[in-house]
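Beneath this line is the structure, given in structure tokens, with notes to follow.
The values are calculated or read from the model by the stated rules, or taken from the named source; none is laboratory data. Since this is a predicted model, take the numbers as computed values, not measurements. Glycine also receives a Cβ, built like all others from the backbone with ideal geometry; neighbour counts cover every protein chain displayed. The protein model used for the area step is the full one, side chains on, heavy atoms only, and it has no ligands, DNA or RNA in it. Shrake-Rupley method; radii C 1.70, N 1.55, O 1.52, S 1.80 Å.
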Amino acid sequence: MAGLQQTNSEKILLSWVRQSTRNYPQVNVINFTSSWSDGLAFNALLHSHRPDLFDWNAVASQQSPVQRLDHAFNIARQHLGIEKLLDPEDIAMACPDKKSILMYVTSLFQVLPQQVTMEAIREVEMLPGQSRVTREEHIQVQHQQRFSQEVSCFTFLLSSCCSKVFVSLPCSTSLM
């Protein structure tokens, strides 16, 4: 069941990306590996939500994949507060690491508008190798995402408030 939920979470994330980048003809995201290697998908995703941050045509037409990836990661760091977790050279290859891309796109998903339509999910389900997401699973994933964001916020607050608190427990020499 956990594997199925992960697959459905990936499917919803992919639906969000495809929905967000729909108006960028050079971008066709069908997976979390090779679709990201030229840097266009990251930039299109950012530009679709924040077109005020950069000129899409300048980025899309004049830069190499490594430059486009570096551009996207720098924009996300400077304007969205997302650390540069990936090296452009590690993504600008035929088949970059899926988990790394998922982690980074999830970070974007947490700070950008998250509206995902059932139509976008159905579109992803039509891609090769996809299983169906029910409406109930979609709602469950949305609840999990909200809970995850709340836990992340709590963890951050706890770590920043309690970074200097030390817990000392008495040691016992017997096992009783």
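Side notes on the structure shown:
- All positions within region 121-146 that are within 27 Å of GLY39 (Cα to Cα), surrounded by 13 or more Cβ atoms within 10 Å (Cβ to Cβ) and modelled with pLDDT under 70: GLN130, GLN145
- Some residue of region 33-50 being among the hydrophobic types (A, V, I, L, M, F, W, C), within 28 Å of MET126 (Cα to Cα) and surrounded by fewer than 20 Cβ atoms within 10 Å (Cβ to Cβ): no
- LEU53 satisfies every condition listed in (1) touching a His at 6+ places or on another chain (Cβ under 6 Å); (2) not in a loop (DSSP other than H, G, I, E, B) except (2).
- Options GLN19, GLN115: the member that is in a helix (DSSP H, G or I) and open to solvent by 20 Å² or more (accessible area, probe 1.4 Å): GLN19
- Count of region 46-67 residues which are within 23 Å of THR33 (Cβ to Cβ) and within 17 Å of the chain's Cα centre (by Cα): 4
- Close pairs from region 1-20: first modelled with pLDDT of 90 or more, partner small (Gly, Ala, Ser) and assigned to a helix (DSSP H, G or I), Cβ under 8 Å, at least 6 apart: SER15/ALA120; TRP16/ALA120; VAL17/ALA41; ARG18/ALA120; GLN19/ALA120; SER20/ALA44; SER20/SER48
- Scanning region 36-49 for residues that are touching a residue at least 60 places away in the same chain (Cβ under 8 Å) and over 18 Å from ILE91 (Cβ atoms) yields one hit, HIS49.
- Residues that are open to solvent by 40 Å² or more (accessible area, probe 1.4 Å) and closer than 15 Å to VAL27 by Cβ were ranked within region 54-64; the one that is modelled with the highest pLDDT is ASN57.
- Number of positions in region 65-99 that are touching a residue at least 12 places away in the same chain (Cβ under 8 Å), part of a helix (DSSP H, G or I), in contact with a Phe, Trp or Tyr (Cβ under 9 Å, 6 or more places away or on another chain) and surrounded by fewer than 18 Cβ atoms within 10 Å (Cβ to Cβ): 1
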